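**Student:** Below you'll find the structure I mean.
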Amino acid sequence: KKINAEVKAKENEVKYKQLVEAADIMFKQKSYKSARDNYESARKLNDKEAYPAEQIKKIDAILKGEEEKELNKKKYEDAIASADNLYSSEKWEESLVKYKEALTLEPASSYAKGREADVEGKILAQKEEKAKLEAINKLLKEGDDLVAKNSLTEGLAKFNEAFKKDDKHQPTKDKIAN
């Protein structure tokens, strides 16, 4: 019995070394799941050795990191798809939020950076256009009020001031023509 136990122990030691060597090669080749399986088998043969357990911890950390990268990639792609749909619908504010979200997931994305800058430009232009129209409408109202009080010259001056802000604004042209 003692001889059988010694033979079994030698066989286990040889198997252990073969498993660890194979696992080390797989680890270097980045075949982490196969390497982990071999380290696990080696650990079961000799649980007194710390090396297989240490390698399993390293592999688990690597695999977790890869899973997180994949998850972030998916989130990035989803954010870009959503942002592009919003962009196509000219929903600038909402698309900007999504492009910024994509950039938090992948800060080096030149596509998201380019779209972010483009959308910011569109939002600024939209705000400027709105402010210009508000100013024109205010001038037209002031001009109408002056004309209603028979201050025709001052009213026409307000209409001309509005015309200078946008010479293509049809309501302004109509006021001046009348």
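The values are calculated or read from the model by the stated rules, or taken from the named source; none is laboratory data. Small disclaimer: the values here were computed from a predicted structure and weren't measured. Note that each Cβ is placed from the backbone with ideal geometry, even for glycine, and that neighbours are counted across all protein chains shown. The protein model used for the area step is the full one, side chains on, heavy atoms only, and it has no ligands, DNA or RNA in it. Shrake-Rupley method; radii C 1.70, N 1.55, O 1.52, S 1.80 Å.
**Student:** Being in contact with a helix residue (DSSP H, G or I) (Cβ under 8 Å, 6 or more places away or on another chain), of a type outside the set (A, V, I, L, M) and over 30 Å from Lys33 (Cβ atoms) narrows it down to one residue among Ser151, Ser95, Ser88, Ser110; which is it?
**Tutor:** Ser95 is the lone residue from the list that is in contact with a helix residue (DSSP H, G or I) (Cβ under 8 Å, 6 or more places away or on another chain), of a type outside the set (A, V, I, L, M) and over 30 Å from Lys33 (Cβ atoms).
**Student:** A further question on this structure: Looking at segment 79-178, what helices (runs of 4 or more DSSP H) fall wholly within it and have at least 1 residues that are of a type in the set (Ser, Thr, Tyr) and either touching a strand residue (DSSP E or B) at 6+ places or on another chain (Cβ under 9 Å) or open to solvent by 40 Å² or more (accessible area, probe 1.4 Å) (or both)?
**Tutor:** Per the criteria, 92-105, 110-148, 152-165.
**Student:** Now, a different point. For Tyr39, indicate whether it is modelled with pLDDT of 95 or more, more than 37 Å from the chain's Cα centre (by Cα) and of a type in the set (Phe, Trp, Tyr). Even if it seems obvious, please write down each step before you answer.
**Tutor:** On the way: modelled with pLDDT of 95 or more: yes; more than 37 Å from the chain's Cα centre (by Cα): yes; of a type in the set (Phe, Trp, Tyr): yes.
Answer is yes for this residue.
**Student:** Next question, about the same structure. Exactly one of (1) aliphatic (A, V, I, L, M); (2) under 30 Å from Gln170 (Cα atoms); (3) touching a residue at least 12 places away in the same chain (Cβ under 8 Å) is unmet by Ala148. Its number?
**Tutor:** The number of the failed condition is (3).
**Student:** Checking Ser41 against (1) under 30 Å from Val119 (Cβ atoms); (2) part of a helix (DSSP H, G or I): exactly one of these is not met. Which one?
**Tutor:** That leaves (1) as the condition not met.
**Student:** Moving on to the next point. Look through Glu106, Glu142, Glu120, Glu101 and report the one residue that is closer than 22 Å to Phe163 by Cβ and of a type outside the set (A, V, I, L, M). Reasoning before the result, please.
**Tutor:** Details: Glu106 fails: closer than 22 Å to Phe163 by Cβ; Glu120 fails: closer than 22 Å to Phe163 by Cβ; Glu101 fails: closer than 22 Å to Phe163 by Cβ.
Going through Glu106, Glu142, Glu120, Glu101 in turn, the sole match is Glu142.
**Student:** Is one or more of the residues making up segment 60-67 open to solvent by less than 50 Å² (accessible area, probe 1.4 Å), more than 25 Å from Leu105 (Cα to Cα) and not hydrophobic (A, V, I, L, M, F, W, C)?
**Tutor:** No, the conditions are met nowhere in segment 60-67.
**Student:** Looking at Val20, Val7, Val14, can you tell me which residue is out of contact with any His (no Cβ under 6 Å at 6 or more places or on another chain) and either outside any helix (DSSP H, G or I) or modelled with pLDDT of 95 or more (or both)?
**Tutor:** Val20
**Student:** Separate question: In segment 34-54, which residues are in contact (Cβ under 8 Å) with a residue 24 or more places away in the chain and more than 9 Å from Ala23 (Cβ to Cβ)?
**Tutor:** Across segment 34-54, the qualifying residues are Leu45, Asn46, Glu49, Tyr51.
**Student:** Can you tell me which residue among Lys48, Lys73, Lys33 is modelled with pLDDT of 95 or more and either surrounded by 17 or more Cβ atoms within 10 Å (Cβ to Cβ) or more than 30 Å from Ser110 (Cβ to Cβ) (or both)?
**Tutor:** Lys33
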